[in-house]
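In what follows, a structure is listed as structure tokens, so that the remarks can point back to it.
The values are calculated or read from the model by the stated rules, or taken from the named source; none is laboratory data. Because the structure is a prediction, the values reported are computed rather than measured. Neighbour counts are summed over all protein chains in view; Cβ atoms, including those assigned to glycine, are modelled from backbone coordinates with ideal geometry.
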Amino acid sequence: MAKGGVSRKQLLNEPDKFMTFTGKLIAYVKSHLKVILSCAAVIFVSLIIIATVSQVSRRNEVKASERVEKLVAKYSSVLQDEDAKVAYEQVKSDFNDLFDVYGSKRAVKIARIVYGDMSYSAGDADTAIAMYSHALDDFTQSQGLKNIILSGLGYAHLLKKEYPQSIRYFEMISASEEKTLRSDALFNLAWLYETNGEKERSVAQYKQILADFPDTSYGELIKEKIGG
């Protein structure tokens, strides 16, 4: 046998390394069984919690949507016989409860815009501004929806005769590539510039509307304004 060789007998006498490792692992598991089972239980419970939270979240989203629908229906029903202020007062506390309980749900985020409109229609500009401002933080990705919110802010500040703030929001819409409410914003800007005595800027805005939106419902009124 070559020097340094290992005989078959020696190989047979040496414990198999895998079997040795397996034996040690089994021994470790036996001696630490309680700890291992506890860890497994923690992981299992964590998975259950995650699944439950997800399920509860979906269920709460449905509940939030249902409550929003009911409140809007209630408002619309009151509005059949009463003015916007009375209808607003009828749903005011209900909406506040909705925001407290389901404030993070998507349906309720949309509801803030709706409630902002209700507040504005009732003459409550401060609440409208608060709702629209919150909604602006909620919807940063959708430019169309963002324009709707910015328009609400513009009108709410206009209601308070806070013209500089109103101009700022309408200008944000007019600078956007998104066409949602853009002609409306341009018309409001033209009126605001005119109110501030900025005749040239006002006329420029009116002409911009006719150029960008030739079929605008403001067409005849604008032509009378600029004498075109």
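The helices (runs of 4 or more DSSP H) located wholly in region 114-228 that include 1 or more residues which are closer than 29 Å to Leu79 by Cα occupy 125-138, 143-159, 163-174, 182-195. Just to be sure, is Leu136 modelled with pLDDT of 95 or more, under 19 Å from the mean Cα position of the chain (by Cα) and surrounded by 16 or more Cβ atoms within 10 Å (Cβ to Cβ)? No, not satisfied.
Taking the conditions (1) under 16 Å from Ala125 (Cα atoms); (2) hydrophobic (A, V, I, L, M, F, W, C); (3) within 21 Å of the chain's Cα centre (by Cα) in turn, Leu159 satisfies each one other than (3).
Could you please let me know if Gly103 is at pLDDT 95 or above and among the small types (Gly, Ala, Ser)? Spelling it out, it is not the case that Gly103 is at pLDDT 95 or above and among the small types (Gly, Ala, Ser). Restricting attention to region 100-113, the residues that are in a loop (DSSP other than H, G, I, E, B) and over 10 Å from the mean Cα position of the chain (by Cα) total 1. Just a yes or no: is a residue in region 164-185 acidic (Asp, Glu), crowded, with 21+ Cβ neighbours inside 10 Å and within 26 Å of the chain's Cα centre (by Cα)? Yes - at least one qualifying residue is present in region 164-185. For the structure I just gave you, tell me whether Ala73 is hydrophobic (A, V, I, L, M, F, W, C) and surrounded by 18 or more Cβ atoms within 10 Å (Cβ to Cβ). So Ala73 does not fit the description; no.
Yes or no, residue by residue, for (1) of a type outside the set (S, T, N, Q); (2) touching a residue at least 60 places away in the same chain (Cβ under 8 Å); (3) surrounded by 13 or more Cβ atoms within 10 Å (Cβ to Cβ):
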residue	(1), (2), (3)
Val62	yes, no, no
Ser65	no, no, yes
Val68	yes, no, yes
Ala84	yes, no, yes
Val91	yes, no, yes
Leu98	yes, no, yes
